[in-house]
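Only the coordinates and a few stated rules stand behind these numbers; no lab work does. It should be emphasised that the depicted structure is a prediction, and the values quoted were computed from it without experimental measurement. Every residue, glycine as well, gets a Cβ built from its backbone with ideal geometry; the counts of neighbours run over all protein chains shown.
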Amino acid sequence: MPIQIVYLGWGSLLWRDKNLKIDSWSQTDIEVPLEFSRISKDGRLTLVIDEANGVKNKLWMAQTKYTNIDRAINALKLRENTLKSGISYINLPKKKYRIVNTPPKITQEIVLWALKEGIDVVIWTDLPSNWTSIRGSKYSPHDALQYFKTVPWNIQLKIFDYVYGAVQMGHIKTHFSPKFLTYFGDHIKHLGST
C-alpha cells in the first residue's frame, strides 16, 4: 500500500503550489501561532510559526501524489527556494523526523493529528522569524508596517499580495494583518481623493 504524504501550509502555498503534485487544500484542526515576522530573500513579509509574536491560526493540509519522501521534501524545498534544512518532516512508520523550528508542543500536536487521520508522513516549511537579525529590533506590527513603507513599490505589491492572499485564502489573522490592511485601505482612499 502506498504511503500517504501530506504537506502542511498556511501562506502562499495555498494559492501557488507549483510542482507539489497536490489536488486541493483543506483546513485542519491544528492551531499554531503565526505572524508575518520573517523577511524573505525577495523582501516580502512572510508568515512563520512564531511563539513570541504569533496569533493562533488553523493550518491547512494537502495530500501529495509523491510516494517518495525525499522527492516530496525536495519539491517543497524548491518551491520555497530554501535549503533542505528549512523543511521539517515527521515519518511515523519509520519513526524518523527532522524538526527545524517548530516547538515540541506543536510538533506533538502534529503527530497526534497525523495518527488520528491515518497519515504516514507530514512535511512543512519551518523557517524561523529573522526579524531581529535583519531589523536589529524585536518584532512588532508597528515596525512591520514601517518596514513596508520603506521598501520599493514592487516589493510593497508582493507584500500586499502575500498578506491579502493569506487572509482571504487561508483565513489567517495575526496582529499585523488587520493593521496592514486598514493602512492599505486608508492609503488607497487617500489616493482616490487627491
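Quick one: angle between helix 104-117 and the longest Cα principal axis of the chain, in degrees between 0 and 90, rounded to 10, please.
Roughly 60 degrees between the two axes.
To the nearest 0.05, what FRET efficiency results for D29 and K65 with a Förster distance of 25 Å applied to their C-beta separation?
Efficiency, rounded to the nearest 0.05: 0.55.
Please determine, in degrees from 0 to 90 and to the nearest 10, the orientation of helix 69-80 with respect to the longest principal axis defined by the Cα atoms of the chain, where the helix direction is its Cα long axis.
10 degrees
Taking the Cβ of each residue in L13, L34 as the centre, tally the other Cβ atoms inside 10 Å and list the residues starting with the fewest.
In order of increasing Cβ crowding within 10 Å: L13, L34.
Could you give the alpha-carbon Rg of segment 5-193 over 2.2 N^0.38 Å, rounded to two decimals?
Segment 5-193 yields a ratio of 1.05.
Please list, in order along segment 31-39, the HN-Hα scalar couplings obtained from phi with the Karplus expression 6.51 cos²θ - 1.76 cosθ + 1.60 (θ = phi - 60°), rounded to whole Hz, x for Gly and Pro.
Running phi through 6.51 cos²θ - 1.76 cosθ + 1.60 with θ = phi - 60° gives 10, 9, x, 10, 8, 7, 10, 10, 9 Hz.
Would you kindly state how much longer the chain becomes between V167 and L181 on full extension, computed as 0.36 nm times their sequence separation minus their alpha carbon distance, in nm to one decimal?
4.1 nm
I'd like the Karplus ³J(HN,Hα) series for segment 139-152: coefficients 6.51, -1.76, 1.60, θ = phi - 60°, whole numbers in Hz, and an x wherever there's a Gly or Pro.
Karplus values, whole Hz, x for Gly and Pro: 5, 8, x, 4, 5, 5, 5, 4, 4, 4, 5, 9, 8, x.
Can you give the angle from 0 to 90° between the axis of helix 153-170 and the longest principal axis of the chain, with both taken from C-alpha atoms, to the nearest 10?
The helix 153-170 is inclined about 50 degrees to the chain.
For K149, list the lysines whose Cα falls under 26 Å from its own Cα; do not include residues on the same chain fewer than 8 positions away.
Output for K149: K41, K138, K158, K173, K179, K189.
Modelled label-to-label distance, R16 and N154, 7 Å Cα→beta-carbon offset: nm?
1.4 nm
If you place +1 on the Cβ of every Lys and Arg, -1 on the Cβ of every Asp and Glu, and leave all else neutral, what size is the dipole of the chain about its Cα centre, to the nearest 20 Debye?
It works out to roughly 400 debye.
Tell me, in nm to one decimal, what length is gained between N91 and L145 on full extension, where the rule is 0.36 nm per residue of separation less the Cα-Cα distance?
So the chain would gain 15.6 nm between N91 and L145.
What ³J(HN,Hα) values, in whole Hz, does the Karplus curve 6.51 cos²θ - 1.76 cosθ + 1.60 give for segment 91-102 when θ = phi - 60°, with x put for Gly and Pro?
10, 5, x, 8, 6, 10, 7, 9, 10, 8, 10, 5
With unit charges on the beta carbon (Lys/Arg positive, Asp/Glu negative), name the residue among P141, V151, I106 whose Cα is farthest towards the positive pole of the charge dipole of the chain.
Positive-end residue among those listed: V151.
Can you list the lysines whose alpha carbon is less than 20 Å from that of K95, not counting same-chain residues fewer than 8 positions off?
K84, K105, K116
Which far-off residues, 5 or more places away or on another chain, put their amide H under 5 Å from the one on D50, with H placed in the peptide plane?
L34, E35
Nearest 0.05, what FRET efficiency do A52 and N74 give at R0 = 30 Å with Cβ-Cβ as r?
0.45
On a full-extension model of 0.36 nm per residue, what is the gain between N130 and K84, subtracting their alpha-carbon distance, rounded to one decimal in nm?
That pair, N130 and K84, stretches by 14.8 nm at full extension.
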